[in-house]
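Taking it in order: structure first as structure tokens, then the write-up.
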Amino acid sequence: MNIVLLGAPGAGKGTLAGALKDQLGVHHISTGDLIRLEIKGGTAIGLEIKRYVESGGLVPDEVVTRMIEGKIKATVADKKGYMFDGFPRTTAQAKELDRIMQENKIELGFALYMEASMDVVLKRLTGRRVCKACGALYHLTNMPSKKAGICDTCGGDLYQRADDNEETIRKRMSVYNESTRPIIDYYKAQGKLKAINADNGADDVKGALLKILNEKKS
Ligand code: ADP
Ligand code: ZN
């Protein structure tokens, strides 16, 4: 099964994918994680794209598309399927994903639109903490780690992403509304859009996706 997770920053895409990737046996591909890895590694690509991420803008379509295409080509043979998190983010990227899937003979099951309200996502983003070592996601009040500042699963240090500050969050929201929101209609037109209420807690959101998957099977 191949699923695209759609929704504003803070809608819970990464949390949902993290919670279900093992159970569903799919690859979780997060362009945000891939991008942060390049930046952290100080690669040529990393140096080129750092400024976009830090300002809350989008990395150029060609760069992220190349990343995604490379990941898919390297793993498609295992037939596990994918959960795409944070990609596509523009209509051009959505079209590229259609092309890449076609060329690799895989098909999109559906795009899951995680609909969340502005005050909810703002609270989630400002309280978000991430494990430096394994990337696990936490939230100061909604999903705190057992020991403050320490990852439950690997013991790594938790940090706040540089782009999770109020000013950059505001920029990311306007970029989302302008560039990413139109993709909802793109998938609706293909008859591939499913929407869920993402204001709910992580367990309810997870349940909503599992329900859709069960309905698909029967
Ligand atoms: P969030 O969903 O909280 O905004 P991500 O980790 O998905 O966080 O993305 C962080 C940043 O990485 C984005 O603000 C953007 O700069 C860049 N990025 C991630 N995915 C893409 C993409 N598909 N296209 C362009 N830029 C991207
Ligand atoms: Zn960890």
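The values are calculated or read from the model by the stated rules, or taken from the named source; none is laboratory data. What you see is a predicted model; the values in this text were computed from it and never measured. When we count neighbours, we look across all protein chains shown, and the Cβ atoms used for this are built from the backbone with ideal geometry, even at glycine.
A few remarks follow.
- Residue check for K216: in contact (Cβ under 8 Å) with a residue 40 or more places away in the chain, surrounded by fewer than 16 Cβ atoms within 10 Å (Cβ to Cβ), within 16 Å of ligand 1 (Cβ to nearest atom) and part of a helix (DSSP H, G or I): no
- First in region 102-123 and under 17 Å from A77 (Cβ atoms), second anywhere and modelled with pLDDT of 95 or more and in a loop (DSSP other than H, G, I, E, B), Cβ under 7 Å, 6 or more apart: I106/N2; E107/N2
- Residue in region 150-164 that is surrounded by fewer than 17 Cβ atoms within 10 Å (Cβ to Cβ), within 16 Å of ligand 1 (Cβ to nearest atom) and small (G, A, S) present: yes
- Residue count for region 142-152, restricted to those that are touching a Leu at 6+ places or on another chain (Cβ under 9 Å), over 18 Å from G14 (Cα atoms) and more than 10 Å from ligand 2 (Cβ to nearest atom): 2
- Of residues in region 132-141 being surrounded by 15 or more Cβ atoms within 10 Å (Cβ to Cβ) and in a loop (DSSP other than H, G, I, E, B), the one farthest from ligand 2 (Cβ to nearest atom): L140
- Only a single criterion out of (1) surrounded by 14 or more Cβ atoms within 10 Å (Cβ to Cβ); (2) within 14 Å of ligand 1 (Cβ to nearest atom) is not satisfied by E178, namely (1).
- Total residues in region 161-218, condition of a type in the set (K, R) and under 15 Å from L112 (Cα atoms): 7
- Test: residue in region 169-183 that is at negative phi and touching a strand residue (DSSP E or B) at 6+ places or on another chain (Cβ under 7 Å): yes
Residues are listed down the side, and each one gets a yes or a no for (1) part of a loop (DSSP other than H, G, I, E, B); (2) within 14 Å of ligand 2 (Cβ to nearest atom); (3) touching a Leu at 6+ places or on another chain (Cβ under 9 Å):
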| residue | (1), (2), (3) |
| --- | --- |
| A77 | no, no, no |
| M83 | no, no, yes |
| A94 | no, no, no |
| I106 | yes, no, no |
| L112 | no, no, yes |
| L122 | no, no, no |
| C154 | yes, yes, no |
| E167 | no, no, no |
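- Contacts under 7 angstrom Cβ, first residue in region 57-71 being farther than 15 Å from A44 by Cβ, partner more than 9 Å from ligand 1 (Cβ to nearest atom) and of a type in the set (G, A, S), 6 or more apart: D61/A92
- When D203 is tested against (1) more than 16 Å from the chain's Cα centre (by Cα); (2) within 15 Å of ligand 2 (Cβ to nearest atom), only condition (2) is not met.
- Region 181-196 - residue that is part of a helix (DSSP H, G or I) and out of contact with any Pro (no Cβ under 9 Å at 6 or more places or on another chain) and, of those, surrounded by the most Cβ atoms within 10 Å (Cβ to Cβ): Y187
- Test result for K73, of a type outside the set (A, V, I, L, M), away from ligand 1 (no atom under 14 Å from the Cβ) and closer than 20 Å to L16 by Cβ: no
- Matching residues, region 1-19, being within 15 Å of G135 (Cα to Cα) and either at pLDDT 95 or above or not aliphatic (A, V, I, L, M) (or both): G12, K13, G14, T15, L16, A17, G18
- Residues that are surrounded by 14 or more Cβ atoms within 10 Å (Cβ to Cβ) and out of contact with any Leu (no Cβ under 8 Å at 6 or more places or on another chain) were ranked within region 12-25; the one that is farthest from I169 (Cα to Cα) is K21.
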